[in-house]
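Trainee: Next up is a structure, given as structure tokens.
Bear in mind that the values in this text are calculations on the coordinates, not laboratory data. This one's a predicted model, so the numbers in the text were calculated from it and none came from an experiment. So basically every Cβ, Gly included, is an ideal-geometry build from the backbone, and we count neighbours across all protein chains shown.
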Amino acid sequence: MALIEISHLSFGYRRAPVIEDLDLSIEGEGVTALLGPNGSGKTTLLKLLLGLLAPTAGRIRIGGDDIGDLTQKELACRLAYVPQVHKETFGYSVFDVVLMGRMPRTSFFARYGDADRGAAREALDKLSIAHLADRPYTEISGGERQMTLIARALAQGADIFVMDEPTNGLDYGNQLRLLDRIGRLAAEGYTFIYTTHHPDHALAVADRVVMMKDGRVVREGAPQAVLTTQGLAELYNLSDRLCTCFGAPSRTPLRAAL
Ligand code: ADP
Ligand code: MG
């Protein structure tokens, strides 16, 4: 059974379809990078996966269960959304931001208990940010915030993480640190599904690449097989001249150096 099975999925905000009869199967753990031009439906697909939008047709199964049959809480225990780094108004401590990841696991009236605090501490340790626990989230750097948000998703107890353009707004060093962290967590058995505009980032950490255009999957497979000059030229409507100038990315995968 595939970990995530998307079949005949369609969705439109108004009359025009944004996702059209999309089939995608993610067999097991690892990193899936979703690439495609602006407006191709990547964010919409992630929202459908997170149960924030309801498909007009088709279905999404996680571990064999149709997500339409799961409560939002049940879904949150399997699938966590890791938002892009944002500026919080309130100065919650890093520990409290991570602890809030436990929300789907508590009952409506219950306070956070020892098990929740333990899970938050464990997540901070795993991301090597235990030393930031008492610092206000508003006062840490962008890179540290992104690690805090991943720790929150870990504390949530899900093992599939969904990220929409996670490297946006991070400086070059923090982009690489984030990709490295994604690779390390994937090596431990976590699953990542993330969108990116950087083929070289996908090549560095992804196990599989899915190219989307006009609400459909146009190409998918191993990064080296999919992220070719021709594949990228077709996906982004690039001229021969631009392709010859920039070519396809060729890098030693970051994962290989783990
Ligand atoms: P991507 O993430 O690949 O850039 P999106 O999923 O954000 O693409 O958008 C796909 C299409 O859906 C675009 O044409 C966009 O304008 C449209 N769209 C996105 N969000 C909404 C919305 N809330 N209401 C109406 N149309 C939307
Ligand atoms: Mg988007």
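Trainee: Could you order peptides 201-207, 10-16 by the average number of other Cβ atoms within 10 Å of their residues, highest first?
Mentor: 201-207, 10-16
Trainee: Using a Gaussian network model of the chain whose springs link C-alpha atoms within less than 10 Å, name the residue from Ile60, Ile140, Ile150 with the highest mean-square fluctuation.
Mentor: Between Ile60, Ile140, Ile150, it is Ile140 that shows the largest mean-square fluctuation.
Trainee: Out of the DSSP beta bridges found with both residues in the chain, what percent are antiparallel (nearest 5)?
Mentor: 50 percent
Trainee: Once amide H atoms are placed 1.01 Å from N in the peptide plane, what residues at a sequence separation of 5 or more from Gly30, or on another chain, have their amide H within under 5 Å of its amide H?
Mentor: Amide H neighbours of Gly30: Thr191, Phe192.
Trainee: Right, here's the next one. Shape call for the chain from the C-alpha gyration tensor, a ≥ b ≥ c root eigenvalues: rounded (a/c under 1.5), prolate (a/b greater than b/c) or oblate?
Mentor: It comes out oblate by the Cα gyration axes.
Trainee: What number, rounded to the nearest 500 deg cm²/dmol, is the helix-based mean residue ellipticity at 222 nm of the chain, given -39500 (n - 2.57) per DSSP H run of at least four residues and division by all its residues?
Mentor: Computed ellipticity for the chain at 222 nm equals -9500 deg cm²/dmol.
Trainee: Expressed as a whole number of Å, what is the distance separating the alpha-carbon centroids of the stretch 82-117 and the stretch 121-147?
Mentor: So the two Cα centres are separated by 13 Å.
Trainee: Separate question: Let me check I've understood the local charge: for Met1, count other residues with C-beta under 11 angstrom from its C-beta, Lys and Arg +1, Asp and Glu -1. What total comes out?
Mentor: Around Met1, the charge tally is -2.
Trainee: With a/c under 1.5 counting as rounded, go ahead and sort the stretch 21-66 into rounded, prolate or oblate using the C-alpha gyration tensor (a ≥ b ≥ c being the square roots of the eigenvalues; past the cut-off, prolate if a/b is larger than b/c, else oblate).
Mentor: Note, shape of the stretch 21-66 comes out oblate.
Trainee: What dipole magnitude, in Debye to the nearest 20, does the chain give about its Cα centre under +1 on Lys/Arg Cβ and -1 on Asp/Glu Cβ?
Mentor: 340 debye
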